[in-house]
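Input: a single structure, listed below in structure tokens.
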Amino acid sequence: KPAPSRFKAERKKENIGELMLGYQDEPSEYYVETLRNFTCRKVCDTVSYESAEMKNLVKRIDEYYRGNLALDGLPVAQETRGGPRAPKVILGYPLGVPSKMSPTKKALINNHLHFNIYFNEPDVHNDNNEETFRIVGFHVSAYSINYDDVNSECDMSKSFSPSKFGFLSSEGTSEVSFTYSVSWIPEPDILWATRWDIYLKGSDVDRRIHWLSLVNACTIALCLAALIAMIMIRALRRDLARYNTEAMTAEEAQEETGWKLVHGDVFRAPQQPIALSILVASGAQLLIMSAATLTISMSGFLNPQNRGGLVSALILSFVCASFFSGFIGAVLLKYFKRQAWKNAFAIAFFLPGAFLTMYIIIDCLHWAKHSSSAVPLLTIIALMCMWLLCTVPLTIVGAHFGYRMDSVAVPTRVNVIPRMVPASKHGVPLMAPVLVGALFPFGVAFVELLYILSSFWQGGIYYVFGFLTCVFVIVVLCTAESSIAVVYFYLCNEDHNWWWKSFAIGGAAGGYVFAYSLYFLFAVLPIRQPLSMFLYLGYMLLACSAISLLLGSVSFIAAFWFIRKIYGAVKID
């Protein structure tokens, strides 16, 4: 570890996004000089491991832990050469060879690193007219070397080949000598502007699957659009023609069934209207936050070199979107005749308070295990200050404008006595249409979801914001279309309790995502420690709760718009 004075002087200051992701860059003892190649150099004096420390190192090797380094903002990467199905590089380097993959059936320690640094010479020089070079690649190869005498065998003036040495087994080893070598390689074909492409593009198969995901999403969206068109053009036109005809006799009108019969109850306030208003307003805030962040990403303002830029943009967008959360929540509260400032404050405190509480619980587990990804206390305090000093006032200002708006106009009056909801004519369970409708938005996103989970939990970099934006838009459209179709089904069965059901369509899609994350945990990830699994489930529960609120808000707003349209087009006696 570097000396304290150098450690303090050279340690990088992280932004709030990097701190929340657990990134902490610290100076290392690997020294690299420009254009100077050397075959072998010691990192430090030989390190002595106690029995418990060696056991912990072996455990980390068997769990596929990887080391990470960075040079000039580029993370070190290991070339795979695994064919078209494998990514070109993997971030970091393995700490060793796991026991089950080792030829000796004992874990091997990777104690020698060889760095290939690719560079090109720019056309411009600095103010002192000195030659300057730009680093466009930083690759590593890790080796396990059993030194007999590291001082004589690792010498910069001698030739060096890792293949001439035996493997360094963890069994019976208490001292480890760490060494490294450096090769500077000219690379005129890679430009400074494209040096991140090898990290972001993935394998050739990945790119084809991204396109397949987009085609799959478009196909599902078009099928749903055709279904909605059939409902709107055929069924609704037939219903409206029948309901609006003046030739209908009194007996025919008395025997009439369908969605017109519930016109006196369809706009009746649901149970727990305050809770519904808070959930819809919170989901609308997340929707605006996501749309704003994707717009910023598509505009090129987020650089992959700025690792915490995406999270910082999410936080800023979330704070700004709180105004719209207060506005939409106030409009719904006024319609439900629950207009009160305490309800506006409930909107301001529900989503940020719940998510921040869950995040603090997860962070406490990191602190208990002395994890380097634990978020500092000052960062938590900064988040709370942003919530109380920015998010809450903006929400109240939005609620002020929402309360000043006229109440939402509906085309029919609400009956004094509620109409009884008949039993299902076809024996369909009450919530079955909701669960079926939620499958469509999940089916649109599940292929892209695999890459997002792999990038986040397997050390990759996800930066395909073009595909992600397209999939996000199609998911929102599919959620709205599914909500319209399912709510129309309920109304045709004379079930006017559509409010919570419409929100549950989008909410159930988030439940499917969480179920998929469980499959990903047990089928793909090697995580088996209880605490690590709890952290994974905690983070995924946060993400899936946000997805449920976002899509639930979309499905509710789409259903409300649809119902106002169809009942506004029919003649009511």
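The values are calculated or read from the model by the stated rules, or taken from the named source; none is laboratory data. Since we're looking at a predicted model, the values are computed, not measured. Ideal geometry is used to build each Cβ from the backbone, glycine not excepted, and the neighbour counts take in all protein chains shown. For accessibility, only protein heavy atoms count, side chains too; no ligands or nucleic acids. Shrake-Rupley method; radii C 1.70, N 1.55, O 1.52, S 1.80 Å.
Tabulated data for the structure shown
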quantity	calculated
Highest to lowest packing among 272-282, 522-532, scored as the average C-beta count within 10 Å	272-282, 522-532
If the convex hull is drawn through the Cα atoms of the chain, its volume per residue in Å³	200 Å³
From phi via Karplus (6.51, -1.76, 1.60), per-residue ³J(HN,Hα) for segment 490-498 in Hz, x at Gly/Pro	5, 5, 5, 8, 6, 9, 8, 8, 9
Nearest-ten-degree value, helix 392-404 long axis tilted from longest Cα axis of the chain	20 degrees
Mean-position separation - Cα centroids, segment 452-515 and segment 361-382, in angstrom	32 Å
Amide H partners (placed H, <5 Å) of Leu71, local residues excluded	Val76
Surface share of carbon and sulfur [accessible, 1.4 angstrom probe, percent] for the chain	62 percent
Rel. contact order, % - alpha carbon contacts under 8 angstrom, at least six apart, segment 255-357	36 percent
Label-to-label distance, nm, for residues given as Leu212 and Val410 (7 Å Cα→Cβ offset)	4.7 nm
Hypothetical label at Val421: residues of segment 258-299 whose amide nitrogen lies under 14 Å (7 Å Cα-Cβ projection)	262, 265-272
Within segment 335-458: Cβ-based charge dipole about Cα centre, in debye rounded to nearest 20 (Lys, Arg +1; Asp, Glu -1)	620 debye
Helix-only CD estimate at 222 nm, as mean residue ellipticity for the chain, using -39500 (n - 2.57) per DSSP H run (n ≥ 4)	-17500 deg cm²/dmol
Partnerless cysteines, meaning none of the other Cys C-beta atoms lie under 4.7 Å away, in the chain	Cys44, Cys218, Cys223, Cys320, Cys364, Cys385, Cys390, Cys470, Cys478, Cys492, Cys544
With Cα atoms, 0 to 90° folded angle of helix 273-298 axis to the chain main axis	50 degrees
Charge dipole (debye, nearest 20) of segment 91-183; +1 at Cβ of Lys and Arg, -1 at Cβ of Asp and Glu	720 debye
Stokes-Einstein D (µm²/s) once Rh is taken as the Kirkwood radius of segment 454-573 over alpha-carbon pairs, at 4 °C in 1.567 mPa s	79 µm²/s
Distant-in-sequence amide H partners of Val182 (H built 1.01 Å from N, under 5 Å)	Phe38, Phe115
FRET efficiency, Lys105 to Leu388 (Cβ-Cβ, R0 45 Å, nearest 0.05)	0.20
For Asp148, solvent-accessible area (1.4 Å; no DNA, RNA or ligand), Å²	140 Å²
Integer Hz, Karplus 6.51/-1.76/1.60 couplings in order for segment 94-111, x for Gly and Pro	x, 5, x, 9, x, 4, 6, 10, 7, x, 9, 6, 10, 4, 9, 9, 7, 10
Computed E for Lys158/Phe301 - FRET, C-beta separation, R0 45 angstrom, nearest 0.05	0.35
Chain lengthening between Gln271 and Glu33 when straightened (0.36 nm per residue, less Cα-Cα)	78.7 nm
Computed over segment 346-434, Kirkwood Rh from alpha-carbon pairs, angstrom	18.3 Å
Inter-label distance, nm, simple model (7 Å from Cα along the C-beta direction), Thr357/Asp149	6.7 nm
For Ile145, residues with placed amide H under 5 Å, excluding near neighbours	Asn111, His112, Leu168
Degrees separating the helix 432-457 axis from the principal Cα axis of the chain, which is the longest one	20 degrees
For the chain: accessible area per residue (Å², 1.4 Å)	52 Å²
Mean separation of Cα contacts under 8 Å (6+ apart) over length of the chain, as relative contact order %	17 percent
Mean separation of Cα contacts under 8 Å, 6 or more apart, over the residue count of segment 91-189: relative contact order %	37 percent
